[in-house]
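Worksheet for the structure shown next.
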Amino acid sequence: MDKHNVVILGIDTSNYTTSAALSTLDGNVIANIKRLLPVGKGSRGLRQSEALFHHTVQLPDVMEEIRTALVGRKLAAVGYSKTPRDEEGSYMPCFLAGQSAANAIACACNVPLYSFSHQGGHVMAALYGAEKLELAAKPFAAFHVSGGTTEILYVRPNAEKIFSIEKIGGTLDLNAGQIIDRAGVMMGLSFPAGPAMEQAAGDFYDQAVPCRSAVKGLYCNLSGLENKARELFEKKQNIGMCAAFVLRSVQNTLLTLTQNLRLEYPEIPIVYAGGVMSCSQIRNALSPYGSFAPPVYSSDNAAGVALMALQKHTMRGGV
């Protein structure tokens, strides 16, 4: 059986997405299945117990699609997201759903099982989507910007974990995605609010005057933006205007952080990852500084986990 028909399975059960992906042995992602977790109207998120429950409900349907993609192919290994980050004490119960499924599949199929961090998967997926996988062999910087994370990372190759990830900057309070979601829900949009906020901003985007970025070096404070967004909406009652203000303010902050990163690390390649980086306006503003993946590989997904498992399997002589 050739490399096109032998595959690696990746599973990721983040706080808001159930996902599974298949990579062939030559590093081609042939399936990337995702299901958003249901969030009630007016809610700003899920408790961990709720997320774990919804993953348990959704995983069978996701894995049924994977089973269809596996027809005529052989499974060589399984990888999964075990922790949010590669650091001591990093833990979220929602990842137990993916861990349980991955263990069961690996045992039933008698194949190796590899665990990684959700953040590492994001970075690898961004490299794949941006067609920059060669960066995995040398140091680079990654912005991981989502509802749960707003961090600047110094990434180096690591034989055991694929990546050695060191946080060198980011938010000191709320995350960029949190601000976008909270502002969107406040205006009556569904959670997660990013896509609806981008659509609502429309023609207001270029007219919006962002608030001054609270940035010092490679760190920022974002909590003040939520209050300013609320004040603007209460005053103007205009969803488009407020959405554009929030997105432009987040963009301005990320742009300032990027410029400061360039001052400290002039030559280092930069990759942008995370759901917030799916916003086309933010991508356009930051694209001169680094590489982006398409939205399908910027938001939560299991493709990066499958590719990391492939690399680990290769290192161990499994290919």
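Quick grid of which residues meet (1) without any contact (Cβ under 8 Å) to a residue 40 or more places away in the chain; (2) in a helix (DSSP H, G or I); (3) under 22 Å from Ser117 (Cβ atoms):
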residue: Ala20; (1), (2), (3): no, no, yes
residue: Ile30; (1), (2), (3): yes, no, no
residue: Phe53; (1), (2), (3): yes, yes, no
residue: Val62; (1), (2), (3): no, yes, yes
residue: Ile66; (1), (2), (3): no, yes, yes
residue: Gly72; (1), (2), (3): no, no, no
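Has the range 152-169 got any residue that is surrounded by 22 or more Cβ atoms within 10 Å (Cβ to Cβ), within 28 Å of Pro269 (Cα to Cα) and of a type in the set (Lys, Arg)? No. Here Arg262 clears all of (1) in a helix (DSSP H, G or I); (2) crowded, with 18+ Cβ neighbours inside 10 Å; (3) modelled with pLDDT of 95 or more except the condition numbered (2).
Examine the range 254-277 for a residue that is farther than 30 Å from Glu134 by Cα and among the polar types (S, T, N, Q), and state whether such a residue exists.
The initial filter retains those residues of the range 254-277 that are farther than 30 Å from Glu134 by Cα, namely none.
So far as the range 254-277 goes, no, none of its residues is farther than 30 Å from Glu134 by Cα and among the polar types (S, T, N, Q).
The residues listed here are Ala141, Ala183, Ala108, Ala196; of these, the one that is closer than 19 Å to Ala309 by Cα and not in a loop (DSSP other than H, G, I, E, B) is Ala108.
Taken over the range 46-70, the residue count meeting the criterion of being at pLDDT below 95 and more than 18 Å from Ala97 (Cα to Cα) is 0.
Look at the range 296-313: where a residue is more than 19 Å from His55 (Cα to Cα) and a partner is in a loop (DSSP other than H, G, I, E, B) and among the β-branched types (Val, Ile, Thr), sitting 6+ places away or on another chain with Cβ atoms under 8 Å, you get Leu310/Val319; His313/Val319.
Counting the residues of the range 289-308 that are aromatic (Phe, Trp, Tyr) and closer than 20 Å to Asp26 by Cβ gives 1.
Suppose we keep only residues that are surrounded by fewer than 20 Cβ atoms within 10 Å (Cβ to Cβ) and touching a strand residue (DSSP E or B) at 6+ places or on another chain (Cβ under 9 Å) within the range 183-217. Which one would you say is modelled with the lowest pLDDT? So, considering only residues that are surrounded by fewer than 20 Cβ atoms within 10 Å (Cβ to Cβ) and touching a strand residue (DSSP E or B) at 6+ places or on another chain (Cβ under 9 Å), the one modelled with the lowest pLDDT is Ser213.
Taken as a whole, the structure leaves Thr18 outside the set of residues that are among the hydroxyl-bearing types (Ser, Thr, Tyr) and surrounded by fewer than 22 Cβ atoms within 10 Å (Cβ to Cβ).
Of all the residues in the range 100-148, those that are β-branched (Val, Ile, Thr) and more than 14 Å from Gly79 (Cα to Cα) number 2.
Examine the range 112-120 for a residue that is part of a loop (DSSP other than H, G, I, E, B), modelled with pLDDT of 95 or more and more than 18 Å from the chain's Cα centre (by Cα), and state whether such a residue exists. Yes, there is a match, as at least one residue in the range 112-120 is part of a loop (DSSP other than H, G, I, E, B), modelled with pLDDT of 95 or more and more than 18 Å from the chain's Cα centre (by Cα).
Yes or no, residue by residue, for (1) of a type in the set (S, T, N, Q); (2) surrounded by fewer than 22 Cβ atoms within 10 Å (Cβ to Cβ):
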position	(1), (2)
Ser280	yes, yes
Ser287	yes, yes
Pro295	no, yes
Ser298	yes, no
Asn301	yes, no
Ala309	no, no
His313	no, yes
Gly317	no, yes
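Residue count for the range 298-319, restricted to those that are part of a helix (DSSP H, G or I), at pLDDT below 95 and closer than 28 Å to Gln259 by Cβ: 1.
The values are calculated or read from the model by the stated rules, or taken from the named source; none is laboratory data. Because the structure is a prediction, the values reported are computed rather than measured. Because the Cβ atoms are built from the backbone with ideal geometry, glycine has one as well, and the counts that use them run over all protein chains shown.
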